[in-house]
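The values are calculated or read from the model by the stated rules, or taken from the named source; none is laboratory data. What you are looking at is a predicted structure, and each value in this text was computed from that prediction instead of being measured. Cβ: placed from backbone, ideal geometry, glycine included. Neighbour counts: every protein chain shown.
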Amino acid sequence: MLRQFFEIIPFYLLITILKILPFENRVYWGGQFCKWLLPRVKKFSERVDTNLRFVYPKMSSRERKEFIKENSKMIGKSFIELMFNREFQRRINKINYKKKELIPLFEAKNNGKPLMIISGHIGSWEAVRAVLKNNGLTSGAIYQRNRNIFYERLHLRAIKEGGEPILEVGTSGTKKMIALIRSGGIIALMIDQAVKEGDYFQFLGKPAKTSTSIAEISLKYNALLIPAYGIRRSDDKIDVSFDKPIKLTTVKSITQEMNISLEKRVRSNPTQWYWPHRRWK
């Protein structure tokens, strides 16, 4: 526990210091701080470097180092947005989206059709839930408990600002999620983390173990399954897009389509994805 406390101190200090700044400055300096700090964290930089060498074997060592710096900056910005999520959720004027892309969601909700939003840890992922919340489509989410108990408190509180209920990964959380969508609620799911159970599907040109549970649930309950992403622009405004619903065909086809959807965004905005994930372990 003592080790966990010392691990979280830099982040507590960062958040405390940034509170005195306007929101945009917090995001900027949070990004700059992480651009300086994270490449110096051996476990982080080695994991990102390993993934980059695996996916982009022709990328030079120098290119990877620059990539890691930029990726660290993007992660820092998203982290600050999450830590100040109550304020971020209200800054809808900084988020660009097309209202017409929400029409299928409104129709599903009005008709009592289960609704599942899928996304990944790319760009400003909380921006998707901000758009939903500001349009009367508040979503719950599935999250994975953090091993650091001190960060866990901050993390859970921050996620709840985007909408509730927040359900933990696992059998119990899955049952609650099914009950939620069957009762007219909306759930937002991240599809890019490593899983213990699942099958191998292509992701960024490599086989990655991927959960098939989302596809199975969407088929069983005839859910509307919509990919959505928040991509950060150079001016730090965010473009949120809601793709067309994934066709409910087979478990294999649906799962691969989910990976393809996320892969397109990662290939278009590679430094904005959360590369420390052990996606191909």
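Here are the numbers for this structure:
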read-out	value
Candidates 192, 235 - the one that is touching a helix residue (DSSP H, G or I) at 6+ places or on another chain (Cβ under 8 Å), in a loop (DSSP other than H, G, I, E, B) and acidic (Asp, Glu)	192
Residue count for segment 190-231, restricted to those that are over 19 Å from residue 278 (Cβ atoms) and hydrophobic (A, V, I, L, M, F, W, C)	10
Of residues in segment 198-216 being outside any strand (DSSP E or B) and over 20 Å from the mean Cα position of the chain (by Cα), the one surrounded by the most Cβ atoms within 10 Å (Cβ to Cβ)	216
Test for residue 271: is it part of a helix (DSSP H, G or I), β-branched (Val, Ile, Thr) and over 11 Å from residue 122 (Cα atoms)	no
Residue list for segment 109-123, restricted to those being among the small types (Gly, Ala, Ser) and modelled with pLDDT under 95	112
Residue under evaluation residue 228, criteria (1) touching a Phe, Trp or Tyr at 6+ places or on another chain (Cβ under 7 Å); (2) not in a strand (DSSP E or B), criterion not met	(2)
Residues that are among the small types (Gly, Ala, Ser) and either free of Cβ contacts under 8 Å to residues at least 24 places away in the same chain or in contact with a Gly (Cβ under 7 Å, 6 or more places away or on another chain) (or both), drawn from segment 142-183	163, 170, 172, 179, 183
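Here's the yes/no breakdown for (1) exposed (fewer than 15 other Cβ atoms within 10 Å of the Cβ); (2) not in a strand (DSSP E or B):
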| residue | (1), (2) |
| --- | --- |
| 141 | no, no |
| 153 | yes, yes |
| 159 | no, yes |
| 172 | yes, yes |
| 178 | no, yes |
| 181 | no, yes |
